[in-house]
1. Per-residue HN-Hα couplings for the range 82-89, Karplus 6.51 cos²θ - 1.76 cosθ + 1.60 at θ = phi - 60°, whole Hz, x for Gly and Pro?
2. Quick query: amide H of Ile106 versus all other amide H atoms, modeled in the peptide plane; which residues come in under 5 Å with a sequence gap of 5 or more or a different chain?
3. Give me the net charge for the shell around Val34: Cβ to Cβ below 12 angstrom, other residues only, Lys and Arg +1, Asp and Glu -1.
4. In whole Hz, with x marking every Gly and Pro, tabulate ³J(HN,Hα) for the range 96-105 from phi via Karplus 6.51 cos²θ - 1.76 cosθ + 1.60, θ = phi - 60°.
Amino acid sequence: VDVMVMSVTEGSCRTTKKTGVLGDFVNNGKEALVAILAQSPDYYRLVLMDIQIPVMDGFEAIREFLATGEVLSNKEYLRLPIVAMNANSRIEDISFCLNAGMKDHISKPTSIDERHLTVLCRTSTTIR
């Protein structure tokens, strides 16, 4: 798959490495923000963001991302699909993720294979 994906969780790191998808792997939301904003808005096709991560969790990361000067001055960053990943899959939990600014939600544990990542990356361009 010829797309660049960012993984902000150990679990999806293993998943994307296993599928052969090109990816950057970071340990927390703060590292994710630095990495995303260091690239052009269209560099990443997908960000898999764990909600419960150390240093800066997924909710704090999406809030900060949406409020940064780079994003406010370049709306192309808003097209980046940041997908929440967490073990809570109740409707309320998913709604909370979407209302926070995530583009979608994936329940963990998950087994995302190359076909799923390809569909996520390709459909993200139509739903952004």
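Derivation of every value follows stated rules applied to the coordinates shown; laboratory data play no part. Quick caveat: nothing in here was measured; it's all calculated off a predicted structure. Here the Cβ positions follow ideal geometry from the backbone for every residue, glycine too, while neighbour counts run over all protein chains shown.
1. 9, 9, 6, 10, 7, 7, 7, 10
2. Amide H neighbours of Ile106: Ala84, Met85, Asn86.
3. Working: positive: Lys30; negative: Asp24, Glu31, Glu64, Glu70.
Net charge in that neighbourhood comes out at -3.
4. 4, 5, 5, 5, 6, x, 5, 7, 6, 9
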